[in-house]
Amino acid sequence: MPYTGRNMRLFWAILIGLSVLTAALRGQTGEVMPAVIGSLWTGARVIVSLIGVMCLWLGVMKIAEASGLTRFFARMLRPLVHFLFPELRGNTPAQAAITMNISANALGLGNAATPFGVQAMKELQAVNPRPKTATDAMCTFLAINTAGVQLIPTGVVAVLVSFGSDNPTEIIVPCLIVTALAQVVGVSTAKLLQRRRRK
Amino acid sequence: MMQILSAALLPLLIGVIVAHGAYRRVPLWTTFVAGAKSGAALGVRIMPYLIVMLTAVGLFRASGLMALLTDGLAPVLSACGIAPELIPLALMRSFSGSGTLALFSDIVATHGADSALAKTAALMTGSSETTFYVLSVYFGAVGVTKYRHAVIAGLAADLTGIVMALVMAKLLWS
């Protein structure tokens, strides 16, 4: 789900202002309207394609959910969660929420992942001695989330489909490799920094 | 090898899921439609954000402002084999999901969906999450204000994603 923070909203206004100013200074105000219209077309095409891809994907995932496959997938992730969060041994609710969040993210179910993620954060906060400060487990958990491994990058595939790519799924495995590397670096960084702090 | 896997993964996944659903006697048609409905809703919800961002991105490129900013870097970048068009995307990645999607769409629209540039941008876009969004949502939900090393870890992952996307694209498509 795209999100735009306060700074980004300001940045957006500045970007438009500076762009129009640049066009005016360079005597290219004639370029402005075609650019906007072109953008509208791009947006419309991408959304149509995105709706198509998301309908297919979320339809299939609903079947996986009903048949128990998504639960099976989450179970497979459990050992990984045990390994990454040794401090949560015995804290079953936190582990379960983290597992469900990672699993939903991996399956491209961002809407389902967020409630699990918030639930996980609440469980971690319940055992946090300093409620304003992030715990090590929180940092590791969010490192996993900010790197975001997704089995099928549906949004990216949708954009490639919308502009008639010959082979929009070509990027799936390379993307998986890159995102896995990013994930490893993110989690390792979190782990390394927590150890240094503890000494 | 990678190409065969890429082409096979999605159909295989769909095949296995539908077959397993049939085996477990899930009502396939109605279940699929129920899921698909939420896909349509998602697209409609994203639309205004994407359009609003694309408008700015389109202006940014057409006005020449983007070239003005990236031209200075172009000699350095081309020496490393990096297209200057990717710089705004790399800078946007950690900050805004809709901004990233808009920049990526603009690159695909401008250079073609089968260009090496578009595929590199695809890897960049798909390899990471919007770090600052994730942090603000999850920390915000429980009122944590000191993020500690979560920010550095998130940005390290983003940087890895961007660099490895460039490396991977060089290996595969140049």
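Of the helices (runs of 4 or more DSSP H) lying entirely inside the range A:109-194, the ones with 1 or more residues being within 24 Å of B:LEU117 (Cα to Cα) are found at A:136-147, A:154-162. In the range A:43-64, what residues are surrounded by 20 or more Cβ atoms within 10 Å (Cβ to Cβ) and more than 7 Å from chain B (Cβ to nearest Cβ)? Scanning the range A:43-64 gives A:SER49, A:VAL53. Taking the numbered list (1) aromatic (Phe, Trp, Tyr); (2) crowded, with 20+ Cβ neighbours inside 10 Å; (3) more than 13 Å from chain B (Cβ to nearest Cβ) in turn, A:PHE83 passes all entries but (2).
Across the range A:24-42, what is the total count of residues that are buried (at least 17 other Cβ atoms within 10 Å of the Cβ) and of a type in the set (Gly, Ala, Ser)? Final tally of qualifying residues: 3. Need at least 3 residues that are over 28 Å from A:PHE163 (Cα atoms) per element, so show me which helices (runs of 4 or more DSSP H) inside the range B:111-174 make the cut, counting only ones lying wholly within it. So the answer is B:131-142, B:150-173.
Screening A:ARG75 on (1) open to solvent by 50 Å² or more (accessible area, probe 1.4 Å); (2) closer than 24 Å to B:TRP29 by Cα shows it passes everything except condition (2).
Would you point out the residue of the range B:14-31, among those that are at the interface with another protein chain (Cβ under 7 Å from one of its Cβ atoms) and of a type outside the set (S, T, N, Q), that is farthest from A:VAL157 (Cα to Cα)? If we take residues in the range B:14-31 being at the interface with another protein chain (Cβ under 7 Å from one of its Cβ atoms) and of a type outside the set (S, T, N, Q), then B:ARG24 is farthest from A:VAL157 (Cα to Cα).
Applying a threshold of 6 Å to beta carbon distances and a minimum spacing of six or more residues, or different chains, the list of pairs starting in the range B:146-170 at a residue that is small (Gly, Ala, Ser) and ending at one that is modelled with pLDDT of 95 or more and open to solvent by 30 Å² or more (accessible area, probe 1.4 Å) reads B:ALA156/A:VAL185; B:ALA157/A:VAL185.
The values are calculated or read from the model by the stated rules, or taken from the named source; none is laboratory data. As the structure is a prediction and not an experimental result, all values here were calculated from the model. FYI the Cβ positions are ideal-geometry reconstructions off the backbone, even for glycines, and counts take in every protein chain you see. Protein only, heavy atoms only, side chains kept; ligands, DNA and RNA dropped before computing areas. Shrake-Rupley method; radii C 1.70, N 1.55, O 1.52, S 1.80 Å.
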